[in-house]
1. Place a +1 charge on the Cβ of each Lys and Arg in segment 468-586 and a -1 charge on the Cβ of each Asp and Glu, then give the dipole magnitude about the Cα centre in debye, rounded to the nearest 20.
2. So what is the relative contact order for the chain, in percent, with contacts set as C-alpha pairs under 8 Å and at least six apart?
3. What does the convex hull of the alpha-carbon atoms of the chain project to on average, in nm²?
4. Could you give each residue of segment 457-470 its phi-based ³J(HN,Hα) in whole Hz, using Karplus coefficients 6.51, -1.76, 1.60 with θ = phi - 60°, and x for Gly or Pro?
5. Hey, got a sec? Which chymotrypsin sites (Phe, Trp or Tyr not before Pro) in segment 17-85 land in a DSSP loop and have at most 12 other Cβ atoms within 10 Å?
6. Order of 107, 267 from fewest to most other C-beta atoms within 10 Å?
7. Do the sum for the chain: with -39,500 (n - 2.57) for every DSSP H run of n ≥ 4, divided by all residues, what is the mean residue ellipticity at 222 nm, to the nearest 500 deg cm²/dmol?
8. Just tell me which lysines come within less than 27 Å, Cα to Cα, of residue 253; anything on the same chain fewer than 8 places away is out.
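What follows is calculated from the coordinates using simple rules that are stated; it is not laboratory data. This one's a predicted model, so the numbers in the text were calculated from it and none came from an experiment. Don't worry about glycine lacking a Cβ; one is built from the backbone with ideal geometry, like all the others, and counts go over all protein chains shown.
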Amino acid sequence: MRRPATQTAVPIASALGTGQIIAAAAALVIAGAVLIAYQLLDMRHALTEGARVQAAIVADSITAPLMFGDRDAADEALRAFRYAPGLRAVGVYDNEGRLFAEFSYPDSRLPARLPAAGVTPDGVVTVTEPVHYRNTMLGRTVLHTSTGKLRAAMLRYVGLLTVASLLAMLVVAALSRKTRARVAAAERQLDYMAHTDHVTRLPNRHATYARLGADLDRARTQGWQLALLLVDLDNFKLVNDSAGHAVGDELLKQVAGALARAVRPADLVGRIGGDEFAIIAGPVRDRAEALALAAGVTQALQAPFQLEHGEFFATASVGLCLYPDDAPTMIELMSSADTALYHAKHGGRNRFAEFVPAMTAATQRRAALERELRRAIAHDRLAVHYQPQFHCASGALTGVEALLRWNHPEHGPVPPSEFIPIAEDSGLIVQLGSWVLHRACAEVAAWERAGAPPMTVAVNMSARQLREPGFLDDVTRALTNSGLAPPRLELELTESVLMEDVAGAIAFMQAVRALGVRLAIDDFGTGYSSLAYLQTFPINQLKVDRSFVQLLPRRGDTIVHAILVLARGFGLSVVAEGVEEQQQLDWLREAGCDIAQGFLLGKPVPSEEFAARYLGRYLAQPSVVDQILSNSAQVGGK
Ligand code: C2E
Ligand code: MG
Ligand code: MG
């Protein structure tokens, strides 16, 4: 069963951007503040040092006036410093800390007593230096320097830093926007790739299931009905294998287009597997609308698709299931649609099937049958029945078809149409087919040895058997063990088996023919007939399907005539299957058909009954047959 996947999307682009820009801005502000503080301290230190040097120079030039108490000379000497950069006042104090002389601008007069060094809140730096004469201190110079210039320089510095920071932020923002756009585009691309099938451009399995989940939620809250259609192409593998993958892809694209046109605009068509599509249609008014949709989808794939390499058919089997009537949850909806699809496929393909609860019972019965079939094999509850084949013109018995029978202890006879597909799906057919082959060869050889006229035995082959590596050895063993001459054995293959892998089938058929064994195409006309291949396949016989024979003599005569002409052209003999009425036999004899098989001439019967009914007059010693039969192979053993 298909399991819906969950979806998680983490948009990366949205995580980039504003947050990062804010972080970059904060980093710039912090770096700027540290730089400004450092610059401020550095400039202030330089200013103080400069003032101290000036004060020392003042001290040198003021020594003599201070020593001699010459205030005029001191004023003169101090005024010489009036142009010193930033200077607001300069003065000299004697050893008692009294102001001796000063030069100052009006707003910066020096105090009468010696001030302390430092910086005042209004930004004036005060430095003092001692005035010495020969190691004797005479007093101190005091210098007031304004930090106004420092402030102006700092403001310029801050302004410059701000402009540089803003420019850097603009560049970061532009780069970030560009990166974001790129990441968003990459994200969109990734999202597209993660949710889109690259061949058909339809939503892929992941996206389809996500949409189904979302639609079911909406259907639940809004009280909708929703239809799920599973579409499985019938013969896609054949196209892919015979025409190549490029043609297969092209066909898938066209099928996707046809499906999209067959549904309503709001419905979703997704590709959920190699040749599987899902259609989510919601809301639907009622079951009738859903059925019409399924019919439309099946109809849309009836016409051949025109590809560069020619015309190709891509019919499909469709399974339909409705929410909430058929299934209340996503898992059950998928499972029920799958069950309906299975029934459409096994009902003959190229059709749709709506889910009905009885199907689940049928699926359960299938599972039970598989278990019981295994048990039947183990307990030897299977048998081979034989249906006679007669020469149309002379009425002589020419051969038999071996048909497998299973008599269930409780259900009674289970039809091959029911258990053969189960055996094929489970692989049991390999064991069963081998048993039928050995048994049929042994019984027919025993009849012949007991005096019956030589006749062919036709044994049905399934695709699984042919793919078994040891198949040819098994055929040789069946012939050797039974002593049956190879031309007495005829293997029946169906067209679909052959068309699955044409090149492989031809090689296999040539190997079978090399053993001397005959080959027939069973149910001719019902599979994927390709007349061109008839020429290439090394076959001996065609078996016209019962569905054509039953239309005779009034209808179907054109087709049967055409098959007879075709077979004659290729040198093949023809068996008409399912002859039930005398008129049909008369028509076939008239038309030149070689062999007839059907209920009119004889139903499939157990071997003893066959021997008694058709071979009685030939078999001198029926006990010989019994003896050989009792020694013949059991199921699974050769
Ligand atoms: P088939 O090989 O086409 O066998 C002919 C089927 O048509 C047989 O059905 C036979 O009983 C039936 N039939 C013959 N004459 C008439 C008639 O006049 N009217 C009607 N209505 N039916 C007629 P059966 O035995 O039910 O087998 C069905 C299919 O199961 C076979 O079709 C064959 O494909 C498959 N099968 C049977 N035995 C084996 C086997 O041993 N191995 C494999 N792989 N398939 C088998
Ligand atoms: Mg057959
Ligand atoms: Mg047949």
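1. Dipole about the Cα centre, nearest 20: 400 debye.
2. About 9 percent, as a whole number.
3. 53.0
4. Computed from phi, the couplings for segment 457-470 are 10, 8, 10, 6, 10, 9, 4, 4, 5, 5, 7, 5, x, x Hz.
5. 68, 83
6. 107, 267
7. The per-residue figure over the chain is -17000 deg cm²/dmol.
8. Output for residue 253: 237, 345.
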